[in-house]
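The values are calculated or read from the model by the stated rules, or taken from the named source; none is laboratory data. The structure displayed is predicted, hence computed values, not measured ones. So basically every Cβ, Gly included, is an ideal-geometry build from the backbone, and we count neighbours across all protein chains shown. These area figures cover heavy atoms from the full protein model, side chains too; ligands, DNA and RNA do not enter into them. Shrake-Rupley method; radii C 1.70, N 1.55, O 1.52, S 1.80 Å.
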Amino acid sequence: MSGAGRAAEDENMLVDEEEALDDLLQDSRLVVVPGEEITRGSGFLRGHGTYLEAIGPDDDDDDAGPAVEQDEDGSRPRARLVASVAGVVLRVNRLVSVEAPRSRYSGDVGDVVVGRIVEVGNKQWKVDLGARQLGTLQLGSINLPGGALRRRTLEDQLQMRQLFVENDLVSAEVSSFYQHGGMAIHTRSMRYGKLLNGQLVTVPSSLMKRLSQHFVSLPCGVEAIFGLNGRIWLTSAAASGSKKGVQNKSSQNATASTSADSDHEMDAEDAAQQDRAAVLERSRMTELMEQDKRKHAERVIDVESRQAVARVRNAIVLLANNDLLVSPQATMAIYDLSLRLDISPMAMLAPDVARTLVEQAIEA
Amino acid sequence: MEFVQLSGLRGDGRRGNEVRKLGCHFGAVVDCDGSAMLDQGLTKVLACVHGPREVAQRSARPGDRRSLAVANFVQDTFTQVIQTELFKGSQIDITIHILQADGGVLAACVNATTAALIHAGVPMVDFVTCCNVGYLDHTALLDLNHVEELAGGPELSLTLLPKSGKVLTMRMASSSVRVTEKLLQQLLDEAQAGCQLIHKVLDSKVRELVAVAVKKRHGADPDAEIADAPAYQ
């Protein structure tokens with residue numbers, strides 16, 4: 001057989017294999033358990049929850065040589081793709097993976113997460129994110145108070161405890177991964193940082209969906225951070241009124257600076273002055289936002305706002321207890337329903353009330 | 001004492017090659033990554049899995065000899081099947097509570113751990129099932145209960161990877177009877193058959209667990225039909 005012929009045949013085989021798997025997965029969610037063979041083709045890539053196993057010589061329909069060795073035409077190793085967790089088979093082109101309904105959080109770069117500081121170390125904090133290892137927050141990956149942009153000095157190292165100490169809650173973003181799967185996170189944005197004066201809800205991370213926006217202002221006056229690691233931070237929104245002013249100002253400033261950029265006639269001295277002004281403006285804004293955060297932290301939240309937070313919290317717990325995906329929409333559906341049925345936040349979790357709430361919310 | 005009646009039935013009404021009724025309930029404990037309450041007849045065991053998580057101080061092991069033996073057996077078994085190479089720098093803690101002991105405690109511990117690990121979504125090469133077998137009144141008896149264990153005949157506990165038929169670990173004790181090579185072979189075969197029976201039950205319980213979770217996540221989607229029996233091979 002000519003080389004080209006063999007290649008064409010290989011291609012055909014791949015197409016056949018894909019079709020076979022497509023037939024298998026078509027309009028049915030295929031449930032597999034550990035040790036179960038998913039496919040026998042060699043044209044697939046091993047995704048999460050699967051492993052490749054060489055087909056042994058004593059295998060029924062296999063007449064080729066011993067394990068891992070090549071086929072008699074020497075082209076491809078013979079192997080089968082086997083599930084290693086119980087779950088549903090997913091296929092993206094040639095990548096086959098199995099998604100388990102429950103597992104530890106395994107993050108992705110860019111995920112918004114909420115974690116708890118467990119250790120103040122040498123130039124870094126260790127953060128519990130509910131993942132398989134503690135996350136790392138480097139001293140260089142945080143915003144210094146006042147928004148100063150500079151190298152971290154020994155002085156900063158000695159004052160790390162003034163920023164975060166053990167048991168503090170922080171919101172952050174996953175920035176990269178270390179070799180053995182540990183996560184590095186950063187808080188280099190005014191959105192992230194220490195969380196104060198609110199409530200934390202923890203749900204299985206598998207119930208969290210990726211959203212277009214993880215910082216949500218719920219219509220009931222509660223601000224929520226839906227961390228993808230299954231930690232949700234809730235706080236009353238009332239204090240964030242001045243934040244909007246700051247945001248507006250910043251956008252105005254942005255348009256002003258772009259119009260200045262387009263002006264080519266500008267001389268160098270003017271530009272330098274502009275830069276200085278921008279830096280000043282930025283530090284002033286940072287100052288304002290930090291002030292906001294401090295004010296919010298010290299504020300005594302009134303009973304009604306606290307009840308709203310409690311109601312949202314219990315709505316999320318209800319969803320999680322019933323293995324339902326936790327999203328702002330689903331949370332608000334339960335929230336609104338509980339209001340309509342005139343159920344107090346405290347009563348929401350009583351077994352019979354919970355059942356009716358969930359059933360009616362699913363119907364709606 | 002007579003363990004096998006003339007009718008071929010044992011004290012609790014089973015035949016020699018029958019295992020006790022197996023029940024498995026997932027998620028009995030909330031504050032862990034995976035848990036399973038398993039009852040095999042009147043033996044009842046609760047297994048919880050924490051992890052994979054950051055390596056911490058080694059947790060305290062039970063002090064008494066019998067518990068330690070069970071712990072070591074479970075550890076030896078599961079380090080072979082969990083894909084530990086995926087979790088460098090992490091540890092997985094398995095906690096087992098024996099709530100009721102009516103024979104076959106070791107087997108129940110292994111089976112409950114398998115269920116809890118699957119519930120936690122820990123990647124394993126295959127299920128692991130364990131079954132014990134004894135030899136009384138010239139008959140091989142599967143899944144001994146407490147009374148039969150006390151008789152002091154040979155007792156063999158064996159863990160098996162049911163899909164490949166590989167034997168992982170086994171333990172044997174015999175205080176009164178000499179076990180010949182032929183008898184040992186018979187016991188090995190019986191125990192493996194018992195493991196397969198247990199696998200069948202656990203397999204269906206796990207599929208049920210996943211199917212329910214999937215149905216809930218995807219709501220009342222009519223296309224979301226669950227294929228529980230593999231339609232290929």
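Name the residue, out of A:181, A:115, A:110, that is within 14 Å of chain B (Cβ to nearest Cβ) and assigned to a loop (DSSP other than H, G, I, E, B).
The conditions single out A:181.
For the stretch A:1-55, name all the residues that are in a loop (DSSP other than H, G, I, E, B) and at pLDDT 90 or above.
A:33, A:34, A:35, A:36, A:47, A:48, A:49
Do any residues in the stretch B:126-146 that are more than 14 Å from every other protein chain (Cβ to nearest Cβ) have Cβ atoms under 7 Å from those of residues that are assigned to a loop (DSSP other than H, G, I, E, B) and β-branched (Val, Ile, Thr), where the two are at least six apart or on different chains, and which pairs are they?
Partner pairs satisfying both residue conditions: B:131/B:19; B:135/B:177; B:142/B:19; B:143/B:19.
If we scan the stretch A:155-168, do we find a residue that is part of a strand (DSSP E or B), at pLDDT 95 or above and in contact with a strand residue (DSSP E or B) (Cβ under 9 Å, 6 or more places away or on another chain)?
no
Restricting attention to the stretch A:269-287, which residues are open to solvent by 50 Å² or more (accessible area, probe 1.4 Å), of a type in the set (A, V, I, L, M) and under 33 Å from the mean Cα position of the chain (by Cα)?
A:279 - this is the single residue of the stretch A:269-287 that is open to solvent by 50 Å² or more (accessible area, probe 1.4 Å), of a type in the set (A, V, I, L, M) and under 33 Å from the mean Cα position of the chain (by Cα).
So, in the stretch B:72-88, of the ones that are over 25 Å from residue A:50 (Cβ atoms) and in contact with a helix residue (DSSP H, G or I) (Cβ under 9 Å, 6 or more places away or on another chain), which residue ends up nearest to the other protein chains (Cβ to nearest Cβ)?
Among those residues, the one meeting the criterion is B:74.
Checking residue A:185 against (1) over 29 Å from residue A:306 (Cβ atoms); (2) at pLDDT 95 or above; (3) loosely packed, with under 12 Cβ neighbours inside 10 Å, only one condition comes out false. Which one?
All conditions are met except number (3).
Evaluate the following for residue A:186: is it part of a strand (DSSP E or B) and farther than 19 Å from residue A:230 by Cβ?
So residue A:186 passes the test.
Going residue by residue through the stretch B:184-193, is there one that turns out to be touching a residue at least 12 places away in the same chain (Cβ under 8 Å) and part of a loop (DSSP other than H, G, I, E, B)?
no
For residues that are touching a Lys or Arg at 6+ places or on another chain (Cβ under 7 Å) and closer than 23 Å to residue A:233 by Cβ, scanning just the stretch A:143-181, find the one that is most open to solvent (accessible area, probe 1.4 Å).
A:167
Among the residues of the stretch B:57-94, which ones are open to solvent by less than 40 Å² (accessible area, probe 1.4 Å), under 30 Å from residue A:129 (Cβ atoms) and among the hydrophobic types (A, V, I, L, M, F, W, C)?
Answer for the stretch B:57-94, where residues must be open to solvent by less than 40 Å² (accessible area, probe 1.4 Å), under 30 Å from residue A:129 (Cβ atoms) and among the hydrophobic types (A, V, I, L, M, F, W, C): B:71, B:74, B:78, B:81, B:82, B:87.
Taking residue A:112 as meeting all but one of (1) open to solvent by 30 Å² or more (accessible area, probe 1.4 Å); (2) modelled with pLDDT of 95 or more, write down the number of the exception.
(1)
I want to confirm something. Restricting to the stretch B:95-127 and keeping residues that are outside any helix (DSSP H, G or I) and small (Gly, Ala, Ser), which single residue is farthest from residue B:161 (Cα to Cα)?
So, considering only residues that are outside any helix (DSSP H, G or I) and small (Gly, Ala, Ser), the one farthest from residue B:161 (Cα to Cα) is B:101.
Modelled with pLDDT under 90, more than 17 Å from the chain's Cα centre (by Cα) and open to solvent by 50 Å² or more (accessible area, probe 1.4 Å): is that true of residue A:252 in this structure?
Taking the combined requirement at face value, the residue satisfies it.
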